[in-house]
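The values are calculated or read from the model by the stated rules, or taken from the named source; none is laboratory data. Note that the coordinates shown come from a computational prediction; the quantities given were computed from them, not determined experimentally. Glycine also receives a Cβ, built like all others from the backbone with ideal geometry; neighbour counts cover every protein chain displayed. For the accessible areas, the whole protein counts, side chains as well, though only heavy atoms, and no ligand, DNA or RNA atoms are used. Shrake-Rupley method; radii C 1.70, N 1.55, O 1.52, S 1.80 Å.
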Amino acid sequence: MSDEGKNAPLPRMSKEEATTRAEEYASRMAEAAGVSLREGDAETYFYDCVGKNDEVAGDGRFSLYHAVHADLPKEEHTAAVRKLRADFKEKGYEVTGYREYEDDYRTATVSATIPDDRFTVDVSSSGPSRKPSKTLLFGVRTPCLLPPGATQETQ
């Protein structure tokens, strides 16, 4: 009987290293899209890794979500997201989602997984509810990570 890898070793990374890597991915995406990220806008959140049955290990494992916006007229969102989709494919990322919208509020979204570290990246139109979007939201998520030096608990 297999535990389906639930006790497989987790990737190790400090919160500082994960944050730096997320910031770098966001910057690279913005550059590929031809936009500038808003200064002072980035937010980084850390979460406990929660198991299938809502269990939380006490070994310090965490996941991260990093978000930052770029100002861009709604009419230019789809072109920027198309550039990113092409860039993701060129870099060997696994594009996991892509959609273009035809409404006044959202225009396009793309998401991908980076094979080297299993981080996920996504970009989508963003803005106040039911108002035309004037920004792109760049998001970066990590897989469940274990801090260096921590002893991984088994489930």
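Of all residues in region 46-61, those that are over 15 Å from Thr151 (Cα atoms) have Cβ atoms under 7 Å from Cβ atoms of residues that are aliphatic (A, V, I, L, M) and open to solvent by 30 Å² or more (accessible area, probe 1.4 Å), 6 or more apart or on another chain, in Asp48/Val56; Val50/Val56.
For region 6-50, residues that are hydrophobic (A, V, I, L, M, F, W, C), exposed (fewer than 15 other Cβ atoms within 10 Å of the Cβ) and at pLDDT below 95 total 2. Consider Ser2 carefully, then state whether it is modelled with pLDDT of 90 or more and among the polar types (S, T, N, Q). Against the criterion (modelled with pLDDT of 90 or more and among the polar types (S, T, N, Q)), Ser2 does not qualify.
Pairs meeting the criteria (first residue in region 78-99 and farther than 14 Å from Thr120 by Cα, second residue in a helix (DSSP H, G or I), beta carbons under 7 Å, at least 6 apart or on different chains) are Ala80/Ala33; Lys83/Ala32; Lys83/Ala33; Asp87/Ala32. Of all residues in region 136-152, those being open to solvent by less than 70 Å² (accessible area, probe 1.4 Å) and modelled with pLDDT of 90 or more number 11. Just one residue in the set Thr154, Thr142 is under 24 Å from Arg12 (Cβ atoms), in contact with a strand residue (DSSP E or B) (Cβ under 9 Å, 6 or more places away or on another chain) and of a type in the set (S, T, N, Q); that residue is Thr142. Within region 66-116, track down each residue that is surrounded by fewer than 18 Cβ atoms within 10 Å (Cβ to Cβ), of a type in the set (A, V, I, L, M) and more than 13 Å from the chain's Cα centre (by Cα). Listed by number, the residues that qualify are Ala79, Ala86.
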